[in-house]
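Remarks on the structure that follows.
The values are calculated or read from the model by the stated rules, or taken from the named source; none is laboratory data. Note that this is a predicted model, so its numbers are computed, not measured. Note that each Cβ is placed from the backbone with ideal geometry, even for glycine, and that neighbours are counted across all protein chains shown. These area figures cover heavy atoms from the full protein model, side chains too; ligands, DNA and RNA do not enter into them. Shrake-Rupley method; radii C 1.70, N 1.55, O 1.52, S 1.80 Å.
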Amino acid sequence: MRTSFVSILPVACAALALGACSGKAAPAPEVAAEPEPTETVAPEPEPAPEPEPVAAEPNVDLQATLGFVDGTEVSGHLVRIERSQGFYEDKGWTDKPLKWTVTLEDGTSEIEKTWDEIRSVDIAFGGPEDIDCSFDSSFTPTQFICVLRTTTTVTLADGATHKASGRHKWKFLFEDGTEEAFWIFKIPLRREDPGDGGDNTELQIAMRDELLALRKEGRIVNRITIGN
């Protein structure tokens, strides 16, 4: 008996897993997509270490004692002296020998003496009537300044005495690292001008009271002794 081609077609199709018999091409195997390249970020470099602070060079070799109104004192081997560029420290400090002499009255003129020529400085502070207040437009913003007058007596190594007249600020650095900054003639106090157009009466009163409190119990220098 002849077997028709039609009767064996299903069997053949089954044998060929239906793909060829359906008249359609077998699906191509899926290919995994290649991953997109990732950008390699270089690690941040380690920050450079902070430079070690350089110790200022000594410029004097003296023994000194600073006495304060509050009864405390600082004493030791004085290795460096600096003076403010202006009356305040805003413009920095100088250690040039020609700049750190103390200005003294000598009759109708002035003389300059180095600290190694000085043996003592005694500072007497004035009272309420010795405070002067004013505006100073050389600062930006404008400053309101009150100054307590002093009588400062300087005794030299030869025993002569003079009144101090230089208003610069001084900085003493001791061998143990102690650092003190101070004035020896006239004690200033500065505040920023409120700029409200008023007469600043309240500010002036507050600043006067602060100066008067400093002269009684503040940490401001009232005596210096110098030795070799």
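A compact table of results
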| item | result |
| --- | --- |
| Net lengthening on full extension, residue 72/residue 137 (0.36 nm per residue, minus Cα-Cα) | 19.8 nm |
| Accessible carbon and sulfur surface of segment 94-228 relative to its total accessible area, %, 1.4 Å | 46 percent |
| Contact order relative to length of segment 65-179, as percent, for alpha carbon pairs under 8 angstrom and 6 or more apart | 32 percent |
| Nearest-0.05 FRET efficiency for residue 201 and residue 179, computed from C-beta distance (R0 35 Å) | 0.40 |
| Contour minus Cα-Cα distance for residue 109 and residue 90 (0.36 nm per residue) | 4.0 nm |
| Peptide ranges 151-159, 118-126 listed from the most packed, as the mean C-beta count within 10 angstrom indicates | 118-126, 151-159 |
| Accessible area (Å², 1.4 Å probe, nearest 10) - residue 138 | 90 Å² |
| Mean separation of Cα contacts under 8 Å, 6 or more apart, over the residue count of segment 125-228: relative contact order % | 26 percent |
| 216, 169, reordered so the largest accessible area comes first (probe 1.4 Å) | 216, 169 |
| Accessible area (Å², 1.4 Å probe, nearest 10) - residue 61 | 110 Å² |
